[in-house]
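Taking it in order: structure first as structure tokens, then the write-up.
The values are calculated or read from the model by the stated rules, or taken from the named source; none is laboratory data. Not measured: the values here are computed from a predicted model. Note: ideal-geometry Cβ built from the backbone for every residue, glycine included; neighbour counts use all protein chains shown.
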Amino acid sequence: MKPAAPGWAVVTALGVSLILGWGTGYFLPGVLGVAMERDLGLPAGASFLIVAIQLGLAGLLAPRVGRLIDRRGPRAVMVAGSLFYAAGLAMLAASPGAVMALLACLVLGIAAAMTLSEASNAALATLGADGARKRIAALAAISGLAAAVAWPALAWAEAHWGWRVAVLGAAASHLLVALPLHATLVPRGSRERAPRGPAPRLSPRLRWLSAALTVQVLVGSSLLANMVAVVEALGMDRGSAIFWASLAGPAQVAARLFDFVGGARLRAMTLASIALLAMPASILLPLIGHVLAPGLGAAVTVPVFVLCYGLASGVMSVMRPATLIELHGTDGYATVAGKVMAPVTFAMAVAPVMFAPLLLNTGADVALPIIAAICFGGFLMLRRAARGL
């Protein structure tokens with residue numbers, strides 16, 4: 001039997017895989033959406049259903065995929081996921097209309113369940129608990145580059161050859177890059193670790209953790225997907241709103257790097273609690289600043305809000321798997337993670353669509369306090385999960 005790949009080789013391979021997965025799935029409509037809608041005869045904005053369908057189906061499949069990873073090992077599952085990604089993207093590129101595009105989205109949803117963050121974290125968990133948090137932080141930092149890599153590449157391909165060739169190129173990247181990485185560097189894992197039959201029920205502590213993380217992602221995805229509109233609603237012009245909103249991404253990556261370098265000095269539940277408390281505080285900051293110090297204006301309070309929120313959100317992207325490992329350990333991680341993270345992934349799919357009408361119809365003065373209150377509820381749930389630590 002060949003020796004297992006070194007831990008950092010596994011992290012790098014999974015990081016490249018996640019850049020391709022998120023970049024050619026979640027971020028694809030951001031560049032190619034308009035051309036796809038025009039060519040396929042879809043209404044404006046319909047291409048973003050690709051994201052909702054992918055993540056919604058991935059959330060529904062997460063418990064089954066988690067059990068499969070524990071039984072068959074992450075390598076076999078992620079290799080199959082690469083094939084599903086290539087097939088789904090090829091179907092999308094060849095779609096003559098909405099029906100085949102919908103079928104392609106369903107195939108991409110299966111691929112997402114088998115290869116994206118939860119599957120990758122499960123692969124890292126097979127390396128053991130020692131150093132797990134550093135590996136998770138490094139993986140999160142690498143995967144944070146997905147948009148920065150995918151958007152320019154997809155835009156360049158579309159400008160030269162059209163959106164269909166760009167999507168075919170994305171399909172080829174999964175066959176030529178992700179598939180070999182999964183087949184050679186992702187751990188095989190121990191087979192038959194998960195017993196057959198119904199998956200065990202989550203403990204009360206893990207149910208509270210799942211609820212807290214679901215609330216955090218519901219709020220986080222709502223804001224991050226609509227950050228430009230939020231900043232505009234707080235009083236900035238379009239150009240300034242785009243500039244400041246775009247800094248949320250680098251702030252997230254900076255937070256992940258911070259945890260990689262020195263964040264492990266704090267327990268995962270402690271750091272997650274700090275981040276989850278900082279999120280509603282940062283959301284309310286522009287509104288409180290407008291009341292207490294109207295002279296400051298949006299030019300001061302909005303940038304602080306975006307950067308603080310981005311930092312807290314970046315910390316939580318690492319703490320989601322880290323808190324689960326802290327409460328449960330790495331043995332049978334994929335099965336438990338599939339059940340804990342299923343509603344989290346589903347929340348990621350529906351949140352942007354739910355928040356946009358709320359912001360449009362009520363304005364920032366009402367919408368932001370509502371989601372801040374929801375986020376604070378998530379903090380209370382997390383503290384309930386942390387009892388006894």
Q. Is there a residue in segment 169-187 that is in a helix (DSSP H, G or I), within 21 Å of L42 (Cβ to Cβ) and either in contact with a strand residue (DSSP E or B) (Cβ under 8 Å, 6 or more places away or on another chain) or aliphatic (A, V, I, L, M) (or both)?
A. yes
**Q.** All positions within segment 245-282 that are over 20 Å from the mean Cα position of the chain (by Cα), among the polar types (S, T, N, Q) and crowded, with 18+ Cβ neighbours inside 10 Å
**A.** S282
Q | Subset of segment 225-253 [of a type outside the set (A, V, I, L, M, F, W, C) and not in a loop (DSSP other than H, G, I, E, B)] | A | E232, R238, G239, S240, S246, G249, P250, Q252
Q: Could you tell me which of the residues G162, G144, G169 is crowded, with 22+ Cβ neighbours inside 10 Å, out of contact with any Asp or Glu (no Cβ under 6 Å at 6 or more places or on another chain) and under 22 Å from L32 (Cβ atoms)?
A: G144
Q.
Against the conditions (1) without any contact (Cβ under 8 Å) to a residue 24 or more places away in the chain; (2) crowded, with 22+ Cβ neighbours inside 10 Å; (3) of a type in the set (G, A, S), where does G239 fall short? Just the number, please.
A. (2)
Q) What is the one condition in (1) among the acidic types (D, E); (2) part of a loop (DSSP other than H, G, I, E, B); (3) in contact (Cβ under 8 Å) with a residue 40 or more places away in the chain that D130 does not satisfy? A) (3)
Q) Considering L42, L32, L49, which residue is buried (at least 24 other Cβ atoms within 10 Å of the Cβ) and either more than 30 Å from M319 (Cβ to Cβ) or modelled with pLDDT under 90 (or both)? A) L32
Q) From the list L89, L108, L102, which residue is touching a His at 6+ places or on another chain (Cβ under 8 Å) and in a helix (DSSP H, G or I)? A) L89
Q. Residues in segment 75-86: is at least one of a type in the set (S, T, N, Q) and farther than 26 Å from F260 by Cβ?
A. yes
Q. If you take the residues of segment 123-135 that are at negative phi and at pLDDT below 85, which of them is surrounded by the fewest Cβ atoms within 10 Å (Cβ to Cβ)?
A. D130
Q.
Being at pLDDT 90 or above, hydrophobic (A, V, I, L, M, F, W, C) and under 20 Å from the mean Cα position of the chain (by Cα) is true for just one of L218, L176. Which residue is that?
A. L218
Q: From T301, T323, grab the single residue that is of a type outside the set (A, V, I, L, M, F, W, C), buried (at least 16 other Cβ atoms within 10 Å of the Cβ) and farther than 15 Å from V217 by Cα.
A: T301
Q. If we scan segment 281-290, do we find a residue that is within 20 Å of A364 (Cα to Cα), at pLDDT below 80 and assigned by TED's automatic domain parsing to the domain that holds A372?
A. yes
Q | Criterion violated by I374 - all others in (1) in contact (Cβ under 8 Å) with a residue 60 or more places away in the chain; (2) surrounded by 24 or more Cβ atoms within 10 Å (Cβ to Cβ) satisfied | A | (2)
Q) Looking at (1) small (G, A, S); (2) within 30 Å of W244 (Cβ to Cβ); (3) surrounded by 24 or more Cβ atoms within 10 Å (Cβ to Cβ), can you tell me which one G363 breaks? A) (3)
